[in-house]
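I have placed the structure first, in the form of structure tokens, so that the comments after it can refer back to it.
None of the figures in this text is laboratory data; all of them are computed from the coordinates on show. None of these values were measured; they are calculated from a predicted model. Cβ sites come from the backbone with ideal geometry, for glycine too, and all protein chains shown count toward neighbours.
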Amino acid sequence: MQQSVRLAPSILSADFAQLGAEVRAIDSAGADYIHVDVMDGHFVPNITIGSSVVKSLRGCSRKVFDVHLMISPVDLFISDFAAAGADIITVHPEAGPHLHRTVQLIKASGKKAGVALNPASPVSLVENLISDIDLVLVMSVNPGFGGQAFIPSSLDKIRALRKMIDASGRNIDLEVDGGIDANTARQAVEAGADVLVAGTASFKGGPGQYALNLKQLRG
Ligand code: DX5
Ligand code: ZN
């Protein structure tokens, strides 16, 4: 069942020179999840932060830490991000040879497990994992950078996953990530998404704007 819409601002678009203050500000502006994009310069053509930064930020917010791992290999690092305080750990099927094993590792660490689907990745990749996972992340841009344009065909993928999730009878978050603004947020929710990741649209204008930015995303 589609759950109430939750906002997951991506701190990729925050001011990295004051990340702790940025997390506090977006938390008090009404964020539901804090979305953390971890990139390794190998799986995606950009480098961001590692588990020690997640650990430092953990003290700045009690909201759900939604950690999106764009790293390969990934299995080696699951326990570090779990110990750092992630609540949800999301991985890409292409990041390792055995997705089911990776999901098992995340669950064994006591965390919720998510699977991210790139624009070219079919929904069938999660079909046989639907009893095991807690979140499906539809990438509506190619992973690696904030500020890219929403890929419209992502809406069909969201619709297909909404059917798959509803048929499972399980509470699985259907999250969309990339190019989300007030307009694409509405389209994604209409298609069945219930968690919206937004970097640029959440952090534009600085802390004084965050509450308004999030209000506009909620529609
Ligand atoms: C891209 C990241 C996104 C990114 C979204 O690889 O996964 O979370 O921060 O940024 P916007 O909302 O600016 O498209
Ligand atoms: Zn992300």
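With each run of n ≥ 4 DSSP H residues scored as -39500 (n - 2.57), what mean residue ellipticity at 222 nm is computed for the chain after dividing by its residue count and rounding to the nearest 500 deg cm²/dmol?
On the way: 8 runs with 73 residues, N = 219.
Counting only the DSSP helices, I get -9500 deg cm²/dmol.
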* To do: Over 31 Å between C-alpha atoms is what I'm after, so list which of Lys63/Lys157; Lys163/Lys204; Lys111/Lys157 land there.
  => Lys163/Lys204
* Nitroxide proxy distance, nm - points 7 Å out along Cα→Cβ at His98 and His42 -> 1.9 nm
* Structure fact -> A chain fully extended from Ser109 to Ala83 at 0.36 nm per residue, minus the present Cα-Cα distance, gains in nm 8.5 nm
* Asked: Simple spin-label model, 7 Å along Cα-to-Cβ: Gln2 to Ala120 in nm?
  -> 3.0 nm
* Counting only C-alpha contacts under 8 Å and six or more residues apart, can you give the relative contact order of the chain as a whole percent? => 22 percent
